[in-house]
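Heads up, the thing below is written out as structure tokens.
Rule-based calculations on the coordinates, nothing more; no lab input. All values reported here derive from a predicted model rather than from experimental measurement. Quick reminder, even Gly has a Cβ in these numbers, built from the backbone with ideal geometry, and neighbours come from all protein chains shown.
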Amino acid sequence: MRRGLTGRRAPLTVPALLALLAMPSRAAPGRVLFEDGFSEPLERNWILFGDPLPVRRDSIGLPPPCFDNNGGTMYDSGALSRESWDYSQGLVLECDMFVTSNQRGAWIAGCLSFVLQDSISYGPDGLDHYFIRLSYNYCGEANWSCPHLQGQMIATMFLPDGTREQKEYLHFNEYLDGWHRFRIAIDRDMFVSFFVDSLLLYRTEHTVPEGLGGLSIVIGNRSNHWGRVYHDNLVLRTADSR
């Protein structure tokens, strides 16, 4: 009889056991704190701002419906979460986003952001202060200030001294015209990582200061006749545990 077919496992050799122990452990997924597929009235979970205001779009989504920021060419439109969350153990914010524009388009922008609960203020151009922000914009020929930049992916963290740490990619067109998963991760070590799908865009050199208060979520930005921006399947969870 062939003992190899009995289902018993051969004992690990010392080298094999050492190799197994050296393998990095997989992170356990964090606990879900908040999620929204935008199937209910937006006002239930969000404070809407802008002119025109965002709307729920039943004709598109992943699956439909989804959030349409519905913004104008000159002013931001978006939504601020009614809840705020502690970040001291890390947070992960994810959302599917769709950005499309024709080649001449301008003032097309979608963002996924955190704002500090204690510093929320409104101005003529939407929220005045962001804290951590991942945005994907389109800047074409119609934008007289900086034409032909096309797809712009921008990862930003604003620092307490008023400066910002920022990474910007220009002519970054691979993620236009389709749904992609955007993610901001405040890791347990308080560094911030920005992702689109499985691509790590940037990891900050600065850490998030402690004790700044709760964080609220902001989504939206700008859409117009040049192109549209949609959000869907937003999830906020605690940072992965190891």
Self-check item: Distance between modelled label sites at Glu174 and Ser39, nm, 7 Å Cα→Cβ extension
Solution: 3.3 nm
Quiz item: Near the amide H of Leu159, under 5 Å away, which other amide H atoms are found, from residues 5 or more places off or on another chain, if H is placed in the peptide plane?
Solution: Arg164, Glu165
Quiz item: With a ≥ b ≥ c the root eigenvalues of the C-alpha gyration tensor of the stretch 122-205, is it rounded (a/c under 1.5), prolate (a/b larger than b/c) or oblate?
Solution: oblate
Quiz item: Got a sec? How would Tyr75, Tyr138, Tyr130 order by Cβ neighbour count within 10 Å, fewest to most?
Solution: Tyr75, Tyr130, Tyr138
Self-check item: Protection-proxy order for peptides 87-94, 67-74, each taking the mean of Cβ atoms within 10 Å per residue, highest first
Solution: 67-74, 87-94
Practice problem: Could you list the square roots of 5 times each eigenvalue of the Cα gyration tensor of the stretch 30-238, that is, the equivalent ellipsoid semi-axes, sorted largest first and rounded to whole Å? | Solution: 24, 20, 17
